[in-house]
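All remarks here apply to the structure that follows.
The values are calculated or read from the model by the stated rules, or taken from the named source; none is laboratory data. A quick note: this is a predicted structure, and the numbers were derived from the prediction, not measured. Cβ sites come from the backbone with ideal geometry, for glycine too, and all protein chains shown count toward neighbours.
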Amino acid sequence: MICLANNRKTDYTIVISASASPSISHAAHELKRFLEEITAARYNIALDCDLAPKAEEIIIGDNSHFRALDCGIDIESLGDEGIHIKTVGKTIIIAGSDKRGAMYGVYQLLDEYLGCKWLTEDCSIIPKRTKLELGDIDFRFIPPLEFRDPYMLGYNDPDFYARNRCNASGTLTGATGGSVKYARFVHTFDELIPQELQESHPEYFALRYDEKGENPKRVTGYVQPCLTNPEVLEIAKKNTRKILEQNPDCHIISVSQNDNQTFCQCDKCREIDEYEGSHAGTLLYFVNAIAEDIEKDFPNVAVDTLAYQYTRRPPKHVVPRKNVIVRLCSIECCFGHPLESCSLSGTEGGQASFTSDLVGWSKISNRLHIWDYTANFAHSLQPFPDFLVLQPNIQYFIRHGVTGIFEEGENSPREYGELNPLRQYVLAKLLWNPDIDYDLLVDEFLNGYFKGAAPSIRRFYDLMHSLVTEDVHVHIYDSPRQPYLSKEFLDESEKIFDQAEKTADDDLILRRVQKLRLSIRYVRACITPMEDPGRAAYVESLIADVRSHGITAYCEWQTAEYTEPRLREGKI
């Protein structure tokens, strides 16, 4: 047993290299900060060149003290993000790369071995110990995903991301490990082939037929380009290079379809798509050509594209180049049942076709990523019972060769309603280690975030999921009038929240409970008939409380100023 501190005293020193990277230096200060918060002892950080080796050291990363121990750890084999935590006598070694690995090792030690939990950007659990001890450790782990992003706009915080070992937030700096950085993120055709070319070169853009398959004409506005036009390809190559030259530190650039389905139906595009059995045919030929063009000059950059809506089905013949990432999107799926067991199987656009597409892409893709969805984007506040599918779906993705997952959550400005804090926390932990004890994770969060009200919130969580039966499905644009949002559910939830408010420890916890309660209040406001005499006052009370919690949008694409009049008028 190693004693790290006793009665506010410690013999331990944190040791880093004199040439430590920003992330290792930051990790050392994070370790010092939290060890001191746990024990009230004072820990020093020393450079390897300023201190003779001793037994009572916590060594972070590669340095002369690490090498002198000859402990059998191969840091290079861990890659950028793998970790190895090992005790050698009284010495604690936290090994990993100077990019993110060693820093992640520090957070793993603090989290899994010392009990520090960073639940949200402003809520942490840091235990207090008069005597802090550790048993023998020999833990090696390499995360299965290269890209991990539990994206929610209100929680895009660098400390939360780094401490929970996520690597894709744009807020991450060198000190917090940097991010897997995109030069451009998604739906980029509008930039690569600008709309202003439509007037002078209509042939650069989609040719479309009417509903009868007649009257072909080039369309304008926010549409798809014609991907078989060689001049379009040259323009896209030029603009891709320009973007990369302006972003020399990026790792990925998206070359992906605009967010609509006006793909080109000209003879050349149609011929390729019919041959490939998918509109991904023309897309992938186009993306491959750009990937080949930049490969030599930008060898560390991958070209990302979407398998999304009309391009979701994999092509029959063409395969992605080795520097192409295909990002498969699950937008049509049910999010109330695991992908492998949903009763929508056989439905085009549902689970069966999606899982078939996943299998198909996994067979031909060198790097397959997922764009997944974890919110109701039409009604941000209302309950979204997807928690029971998060772990099985992530595990399913990884079993099929997926190497990156973007979990698109609620991204309305400053949206903290519903159970989004819990959702982002469990997603962050699952993306790092998909085999973690999930129920323990949920309770860990609820107990830390809601404290005395946690048992009631857990009952609400369980009730919400109990109504998603085999034939009741959950989608990302569900209205407030779904079977899983029944009047019986609302009535029972009101009782639960009454108890939760009574057991809240203080004003902060009470406010968190009341914010979560907005989710069922919103549903009730939407479904209450206009002729109900109490409806108007109920809606005004809801609107006032939504504003008081700093929530500025009720859905992804409209502000509160747009939604609130419609809510008053019963048009939601």
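Summary table
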| quantity | calculated |
| --- | --- |
| Check on Tyr310, in a helix (DSSP H, G or I) and not assigned by TED's automatic domain parsing to the domain that holds Ile253 | yes |
| Filter pass, Ala525 being in contact with a Lys or Arg (Cβ under 8 Å, 6 or more places away or on another chain), touching a residue at least 40 places away in the same chain (Cβ under 8 Å) and of a type in the set (A, V, I, L, M, F, W, C) | yes |
| Sole exception among (1) surrounded by fewer than 23 Cβ atoms within 10 Å (Cβ to Cβ); (2) touching a residue at least 40 places away in the same chain (Cβ under 8 Å) for Met103, by number | (1) |
| Enumeration of residues in region 162-171 that are at pLDDT 95 or above, out of contact with any Lys or Arg (no Cβ under 7 Å at 6 or more places or on another chain) and part of a loop (DSSP other than H, G, I, E, B) | Arg165 |
| Exclusive hit being surrounded by fewer than 23 Cβ atoms within 10 Å (Cβ to Cβ), in contact with a strand residue (DSSP E or B) (Cβ under 7 Å, 6 or more places away or on another chain) and polar (S, T, N, Q), set Asn323, Asn300 | Asn323 |
| Filter pass, Leu4 being part of a helix (DSSP H, G or I), touching a residue at least 12 places away in the same chain (Cβ under 8 Å), among the hydrophobic types (A, V, I, L, M, F, W, C) and closer than 19 Å to Ile85 by Cβ | no |
| Residue within region 497-510 that is closer than 21 Å to Glu569 by Cβ and either crowded, with 16+ Cβ neighbours inside 10 Å or in contact (Cβ under 8 Å) with a residue 60 or more places away in the chain (or both) present | no |
| Hits in region 204-240 (condition: surrounded by 15 or more Cβ atoms within 10 Å (Cβ to Cβ) and not aliphatic (A, V, I, L, M)) | Tyr204, Phe205, Arg208, Arg218, Gln224, Pro225, Cys226, Thr228, Asn229, Lys237, Asn239, Thr240 |
| Check on Glu112, touching a Leu at 6+ places or on another chain (Cβ under 9 Å) and closer than 30 Å to Tyr449 by Cβ | no |
| Residue list for region 517-560, restricted to those being at pLDDT 95 or above and either among the acidic types (Asp, Glu) or not assigned by TED's automatic domain parsing to the domain that holds Gln499 (or both) | Glu531, Asp532, Glu540, Asp545 |
| Number of positions in region 422-456 that are in contact (Cβ under 8 Å) with a residue 12 or more places away in the chain, of a type outside the set (Lys, Arg), out of contact with any Cys (no Cβ under 8 Å at 6 or more places or on another chain) and in a helix (DSSP H, G or I) | 18 |
| Where Ile370 falls short, out of the listed (1) out of contact with any Asp or Glu (no Cβ under 8 Å at 6 or more places or on another chain); (2) over 20 Å from Phe185 (Cβ atoms); (3) buried (at least 21 other Cβ atoms within 10 Å of the Cβ) | (2) |
